[in-house]
1. Within the stretch 110-124, which residues are surrounded by 10 or more Cβ atoms within 10 Å (Cβ to Cβ) and part of a loop (DSSP other than H, G, I, E, B)?
2. In the stretch 38-95, which residues are at pLDDT 85 or above and either touching a helix residue (DSSP H, G or I) at 6+ places or on another chain (Cβ under 7 Å) or of a type in the set (Gly, Ala, Ser) (or both)?
3. Could you count how many residues in the stretch 93-108 are in a loop (DSSP other than H, G, I, E, B) and either surrounded by 10 or more Cβ atoms within 10 Å (Cβ to Cβ) or charged (D, E, K, R) (or both)?
4. Before we move on, is residue 28 without any contact (Cβ under 8 Å) to a residue 40 or more places away in the chain, among the aromatic types (Phe, Trp, Tyr) and in contact with a helix residue (DSSP H, G or I) (Cβ under 7 Å, 6 or more places away or on another chain)?
5. Between a residue in the stretch 91-110 that is closer than 13 Å to residue 129 by Cβ and any residue that is surrounded by 15 or more Cβ atoms within 10 Å (Cβ to Cβ) and of a type in the set (Ser, Thr, Tyr), which pairs come within a Cβ distance under 6 Å, given they are 6 or more apart or on different chains?
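The values are calculated or read from the model by the stated rules, or taken from the named source; none is laboratory data. Bear in mind the structure is a predicted one, so any value in this text is a computation, not a measurement. Backbone-built Cβ (ideal geometry, glycine too); neighbour counts: all protein chains shown.
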Amino acid sequence: MCPLRNLNPKKSYVEKNEGECLDKQAIFKKVTQVEEQISELYQELGGLKEQIVELIEENTRLTLENKRLNQLVDHAAEEKKKDEKSEEHGKEHHHLFRLYDEGFHICNIHFGRLRTEGDCLFCLSFLDKSSREES
């Protein structure tokens, strides 16, 4: 109901302004509804901000964990390669030592030739160098 109706007993004034009062009330109602909607949207926006912060923190944590795990995998792969090289080197050394014991040269000067004059200083030097690299 229009507040002007109670204040002004003149019917003609009330009738003239009654439509205006209804429009003002409708506008006021609409403004109130928009304020409520804005308040709800603001609350929803706050919730979304919290979710974004949680997602960013989780993403950062997962990125760091992924990086650490990749480093562990790389380190394990390097260790495996070293172990394989060491095993191969050990096998090579063993084969060369066996060849030398069987009487063949393993040095680069006379490789594969039969040793006829006893021990070869070049072969012994090579075996010594190989055994130091192994350890």
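1. Across the stretch 110-124, the qualifying residues are 110, 111, 113, 115, 120.
2. 39, 46, 47
3. 5
4. No; evaluated as a whole, the condition is false for this residue.
5. Once the first residue is closer than 13 Å to residue 129 by Cβ and sits in the stretch 91-110, its partners that are surrounded by 15 or more Cβ atoms within 10 Å (Cβ to Cβ) and of a type in the set (Ser, Thr, Tyr) give 93/130; 106/100.
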